[in-house]
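First the structure, in the form of structure tokens, and then the observations on it.
The values are calculated or read from the model by the stated rules, or taken from the named source; none is laboratory data. It should be emphasised that the depicted structure is a prediction, and the values quoted were computed from it without experimental measurement. Every residue, glycine among them, receives a Cβ derived from its backbone with ideal geometry; neighbour counts consider all protein chains shown. Note: areas computed on protein heavy atoms with side chains; ligands, DNA, RNA excluded. Shrake-Rupley method; radii C 1.70, N 1.55, O 1.52, S 1.80 Å.
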Amino acid sequence: MNENFSNGLQKLYNCVSKGLGSIMIPQEVRNIIDKEAKQIDMLEMDGGITDKAISLCNDMEQPLGEVKELYRRTCSRMLYQEMRKQKNIEDVVNEAKAILQDENEVADEVVNEDWLMRFFNSIQDISNTDMQKLWGKVLAGEIKSPNSFTLRSLDTLSKITKQEATLFEELRPYIINYRGTFAILNDDEINKKYNVLYGKIVEMSECGLIDSSGSMQLTLGVTAQYPLELIYDMKLLKSNNIEEKKIIIPIYKLTQTGQDILSVVADNYDENYLQDVANYLAKNNREITFTMHDIEKKDGDNIQYVIQGKTILISD
């Protein structure tokens, strides 16, 4: 392929060529149209008689003139629908193209063809520009790292409305990664302060993104060698204790699908919220102190921060 294309773009074009071959007019519909078109042509060749009748696929006979007009309307409708679908697909591909324009760090692993087919079938009816941007991120992310977005997550995202996606983005600042568990703290006082109402949690639960069970708790063991380290934008919240302790945190946990979709939602943070979480943890775990640190550098999974003049490197 053209050497001027980034590795990301080359892989994108390969995926598009694999995925777009059979998602236009369904084969069974094309067969019906072709069959009826041949019948019309045969009758027209027979002297152009227009008062003959033709049997359609529903076994009802209709005059040839009516069938010809029906055929024209059918073709017009299908052409309009397929052009809209094609436009939607190309808009999403262009969103992915913009992301991958200069991306050379992509996995050698090919994207699963079943995944591609499911993806392109899902986006053909997505016309909202904001949702197209979201889907473009999904495609770009899967090209960079295959198997990062499950088929179940594709199905869920295809059923989510623009309003539901907006609500999930609204909740984004209050989702924290607690040692691999992405969740919202279940504390009435804090959630009321930030307008994280239970009704919103329930709505996200109905979408399959968050577990709304109010009884879920996260239990974390912490030691001096294995502290709790919460990374939130360019801030690090760290536990400090010598003896082993347990931290119990009530949460609303994201589902795996929720985590997949979170990866393509725009980052949005509120440092005041992190401070309130720190205060909550300190209040409910008095034998443990918690300190906040500025992160100096993020490089992939590596995080670098400074504590008492010493540079510390950790893996996220």
**Request:** Select from the range 120-145 the residues that are surrounded by fewer than 18 Cβ atoms within 10 Å (Cβ to Cβ) and assigned to a loop (DSSP other than H, G, I, E, B) and list them in ascending order.
**Result:** 125, 127, 128, 145
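For every residue, the table says whether it meets (1) open to solvent by less than 40 Å² (accessible area, probe 1.4 Å); (2) under 28 Å from residue 228 (Cβ atoms); (3) part of a helix (DSSP H, G or I); (4) touching a Leu at 6+ places or on another chain (Cβ under 9 Å).
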| site | (1), (2), (3), (4) |
| --- | --- |
| 156 | yes, no, yes, yes |
| 172 | yes, yes, yes, yes |
| 176 | yes, yes, no, yes |
| 191 | yes, yes, yes, yes |
**Complete:** Of the residues in the range 183-241, those that are among the β-branched types (Val, Ile, Thr), within 25 Å of residue 293 (Cα to Cα) and touching a residue at least 24 places away in the same chain (Cβ under 8 Å) come to 184, 190, 219, 222, 231
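Quick grid of which residues meet (1) over 30 Å from residue 243 (Cα atoms); (2) in contact with a strand residue (DSSP E or B) (Cβ under 7 Å, 6 or more places away or on another chain):
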| residue | (1), (2) |
| --- | --- |
| 192 | yes, no |
| 199 | yes, no |
| 211 | yes, yes |
| 218 | no, yes |
| 223 | no, no |
**Prompt:** For the range 275-291, which residues satisfy the criterion of being within 18 Å of residue 185 (Cα to Cα), surrounded by 13 or more Cβ atoms within 10 Å (Cβ to Cβ) and either without any contact (Cβ under 8 Å) to a residue 24 or more places away in the chain or not small (Gly, Ala, Ser) (or both)?
**Reply:** 275, 276, 277, 280, 281, 282, 284, 285, 290
**Prompt:** If you take the residues in the range 252-311 that are hydroxyl-bearing (Ser, Thr, Tyr), touching a helix residue (DSSP H, G or I) at 6+ places or on another chain (Cβ under 7 Å) and assigned to a loop (DSSP other than H, G, I, E, B), which one is farthest from residue 234 (Cα to Cα)?
**Reply:** 263
**Residue in the range 22-37 that is at pLDDT 55 or above and closer than 30 Å to residue 148 by Cα present** = no
**Fill in**
Expected single match for closer than 18 Å to residue 17 by Cβ, in contact (Cβ under 8 Å) with a residue 12 or more places away in the chain, open to solvent by less than 50 Å² (accessible area, probe 1.4 Å) and touching an Asp or Glu at 6+ places or on another chain (Cβ under 7 Å) among 111, 93 is 111
**Request:** Mind counting the residues in the range 237-265 that are of a type in the set (Ser, Thr, Tyr), open to solvent by less than 50 Å² (accessible area, probe 1.4 Å) and within 25 Å of residue 297 (Cα to Cα)?
**Result:** 1
**Item:** the range 199-236 - residue that is assigned to a loop (DSSP other than H, G, I, E, B) and hydroxyl-bearing (Ser, Thr, Tyr) and, of those, surrounded by the fewest Cβ atoms within 10 Å (Cβ to Cβ)
**Value:** 215
